[in-house]
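I have placed the structure first, in the form of structure tokens, so that the comments after it can refer back to it.
The values are calculated or read from the model by the stated rules, or taken from the named source; none is laboratory data. The shown structure was predicted, so the numbers you read here are calculated from the model rather than taken from an experiment. Neighbour counts run over all protein chains shown; Cβ positions are idealised from the backbone, glycine included. Ligands, DNA and RNA are stripped out before the accessible areas are found, and what is left, the full protein with its side chains, is counted by its heavy atoms. Shrake-Rupley method; radii C 1.70, N 1.55, O 1.52, S 1.80 Å.
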Amino acid sequence: MAADDSFAVQDFLEAITSQLDRTQDALSLKAVNRPLTYAIREFSLSLQVFVEMDDEGVVRFRSAGPNEAGASTVSVGFTTITRTMIRENTVDIAETQGPTLNEAGLAPAEQRQLERLGVRNVAQLRRLSSESSESAVAQFADLPVNRLRAALQAGRPAVRAVQPEAPPARLAPDPAVQPVRVPPGTRRLRIDGDNLDGLTTKGNATLDGVGVPIVESGPSHAVVDLGPRDPRGRLDLRLGDGQTLSFQLGDDVEGPNGGPSGGPSGAPLSGAPLSGAVESAANGAVWEPS
């Protein structure tokens, strides 16, 4: 039998469970007209296969041919699992929305080393490093510490732009192109960036020293409720990893042509200090990093 006739264990099991799911769905329809029917109580397979592993570390089965000696007997049994059991024993969907190990710049071989420790994305790597240490993770994964630190840096929260949250019926200006202005009476401020999920519990914001709530956060944006007060003053925004960004809010900064002043469009708001104001021609007020 050719090597191309082999199949990955994961693909094999997923194909079977998918068909069992279809059988279960069919039972729910059948029960409309037939209250008593039959279902699978136990399901098991015994395979005569050759076990192989490819260069990517994927375990593959190759079915034994007629009179082909040396095959292994692999028994696979299936059982049922409830939704509660799945949620208790699988990765939170929110964690899968963060940067992958590939996006963090790790090579395929380095990714496989971390996957053996149960790490498949930067969020899981950050949690493992915080509960143990970078050096311990590097030792067990057999990776240089500087490679892990570079990968963790890719998952740090970052803010690309700040703009007032537009009403649902209006489209907010593109934060990557438009500067930001905050007109008088602005109640909520939308913050666009990366890895901002969890700011509602792990971050905080203050306007002139008075706490203002972060009422919404997701992987790519967060919303700060400035309240009924005048939206002018110094806003300090503390991100989930401890870094703090400061902005001076106002509506009276003018540029050379009598309009709002501004810095380079799309400049990042985290990391290195910024100069100039971040503005929006669509709204009319100005934010300047302090």
Worksheet item: Using the per-residue mean of other Cβ atoms lying within 10 Å as a proxy for protection, in what order, highest first, do the peptides 76-83, 7-14, 224-231 fall?
Response: 224-231, 7-14, 76-83
Worksheet entry | Accessible surface of region 202-242 [probe 1.4 Å, protein heavy atoms]: carbon and sulfur percent | 49
Fill in: Approximate spin-label separation V9-Y38, in nm, with each point projected 7 Å along Cα-to-Cβ
3.3
Item to complete: Determine Rg/Rh for region 199-250; Rg is computed over alpha-carbon atoms and Rh is the Kirkwood hydrodynamic estimate from the same atoms.
Response: 0.94
Item to complete: Can you tell me the FRET efficiency between A71 and S18 if r is taken as the Cβ-Cβ distance and R0 is 35 Å, rounded to the nearest 0.05?
Response: 0.85
Worksheet item: Rolling a 1.4 angstrom probe over the protein heavy atoms, how many square angstrom per residue are accessible across region 202-248?
Response: 44
Worksheet entry | Square roots of 5 times each gyration tensor eigenvalue, C-alpha, region 50-167, largest first, Å | 37, 21, 15
Worksheet, complete the sentence: Ordering I86, I40, I191 by the accessible surface of their heavy atoms, 1.4 Å probe, largest first, yields I40, I86, I191
